[in-house]
1. Can you tell me which residues in region 1-34 are closer than 17 Å to residue 174 by Cβ, open to solvent by 10 Å² or more (accessible area, probe 1.4 Å) and small (Gly, Ala, Ser)?
2. Given (1) aliphatic (A, V, I, L, M); (2) in a helix (DSSP H, G or I); (3) touching a helix residue (DSSP H, G or I) at 6+ places or on another chain (Cβ under 7 Å), where does residue 266 come up short, assuming only one miss?
3. Can you say whether residue 92 is open to solvent by less than 20 Å² (accessible area, probe 1.4 Å) and not aromatic (Phe, Trp, Tyr), as far as the supplied structure shows?
4. Please report, ordered by residue number, the helices (runs of 4 or more DSSP H) entirely within region 109-200 with at least 2 residues that are of a type in the set (Ser, Thr, Tyr).
5. If you check residue 99 against the conditions, is it surrounded by fewer than 17 Cβ atoms within 10 Å (Cβ to Cβ) and either closer than 30 Å to residue 256 by Cα or touching a residue at least 60 places away in the same chain (Cβ under 8 Å) (or both)?
6. Could you give every pair whose Cβ atoms fall below 7 Å, whose first residue belongs to region 247-268 and is at positive phi, and whose second residue is surrounded by 13 or more Cβ atoms within 10 Å (Cβ to Cβ) and modelled with pLDDT of 95 or more, counting only separations of at least 6 or pairs across chains?
7. What residue, of 176, 106, 165, is at pLDDT 95 or above, open to solvent by less than 40 Å² (accessible area, probe 1.4 Å) and not aliphatic (A, V, I, L, M)?
8. Assess whether residue 111 counts as being under 28 Å from residue 81 (Cα atoms) and either touching an Asp or Glu at 6+ places or on another chain (Cβ under 9 Å) or of a type outside the set (A, V, I, L, M, F, W, C) (or both).
Amino acid sequence: MPIFQVIVLAVIQGITEFLPISSTAHLALAPWLLGWTDPGLTFDIALHLGTLAAILIYFFRAWMQVLAQGFGLRYGNDEPLGQNPRLLWLLAAGTIPVGICGYLFGKQAESTWRSPFVIGTMMVVVGLLMWFAERAGSRNRHMSDVTLTDAMVIGGAQALAIVPGTSRSGITITAGVFRNLDRVAAARFSFLLSTPAIAAAAGKAFHDLQKHGGIPADMRMPFVLGIAVSGVTGIVVIAFFLRFLQRHTLNFFIYYRIIFGIIVIALASSFRPPSG
């Protein structure tokens with residue numbers, strides 16, 4: 001696998017995993033648009049390990065505080081987290097829906113649902129939901145105000161992210177804003193909630209890879225480089241996005257999703273093989 005291709009795809013993963021624009025959509029379409037062969041399962045695992053590393057590194061202190069508080073210990077000085085000592089168990093409850101849906105529909109998500117029409121449609125639909133959330137949500141609640149109902153609603157939204165083109169961060173931030181969380185709180189809860197799901201998906205995929213003989217010799221360098229580049233890119237993007245949301249709306253991402261989705265559907269229609 002050429003190093004240039006490794007770097008481009010890893011940067012795309014690091015950017016699109018944490019911005020609300022769907023990493024699956026961009027990674028599925030980039031090789032097609034650029035004329036590259038599908039990099040396969042091994043490299044896909046590397047990219048997911050990289051984004052998992054990004055979120056664990058960036059939110060390391062937050063996770064340590066959440067874990068400590070969950071067991072009644074005092075740790076950390078993040079005030080919004082400190083005001084919600086049940087957050088660990090809310091995150092655990094919110095993870096249940098995606099676990100169930102991943103188990104039931106994981107095969108479809110990796111095969112029949114990876115259609116350009118599905119991807120393009122979900123890009124547009126979630127963009128419209130995001131537009132409505134921006135206008136309907138009061139955004140007057142914070143991380144300290146997150147309840148079990150919030151966790152289950154946002155967790156249920158995360159379950160929809162198994163459909164390609166949805167965007168895990170996009171649909172969960174949208175759900176959080178619908179629940180009247182401010183944008184930064186919705187994004188922070190979204191990222192924390194995604195950690196177990198990303199870890200579980202990467203762990204299962206790595207287990208499957210090991211059952212099929214492990215990392216091929218010619219993929220070891222791309223594997224390590226993919227983890228490093230997607231991880232570093234992810235850390236930068238998380239920091240940027242949280243600062244961006246302090247002063248800006250989600251409108252840019254709404255317009256991007258809708259335009260990109262329409263383009264995907266149009267391209268898929270143009271290149272559809274003739275029937276009969």
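1. Of everything in region 1-34, just one residue is closer than 17 Å to residue 174 by Cβ, open to solvent by 10 Å² or more (accessible area, probe 1.4 Å) and small (Gly, Ala, Ser), namely 23.
2. (3)
3. Working: open to solvent by less than 20 Å² (accessible area, probe 1.4 Å): no; not aromatic (Phe, Trp, Tyr): yes.
Against the criterion (open to solvent by less than 20 Å² (accessible area, probe 1.4 Å) and not aromatic (Phe, Trp, Tyr)), residue 92 does not qualify.
4. 168-178
5. Answer is yes for this residue.
6. none
7. Values: 106 fails: at pLDDT 95 or above; 165 fails: at pLDDT 95 or above.
Testing whether each residue is at pLDDT 95 or above, open to solvent by less than 40 Å² (accessible area, probe 1.4 Å) and not aliphatic (A, V, I, L, M) leaves just 176.
8. no
The values are calculated or read from the model by the stated rules, or taken from the named source; none is laboratory data. None of these values were measured; they are calculated from a predicted model. Please note: Cβ atoms are built from the backbone with ideal geometry, for glycine as well, and neighbour counts cover all protein chains shown. Please note that ligands, DNA and RNA were not included when accessible areas were found on the heavy atoms of the full protein model with its side chains. Shrake-Rupley method; radii C 1.70, N 1.55, O 1.52, S 1.80 Å.
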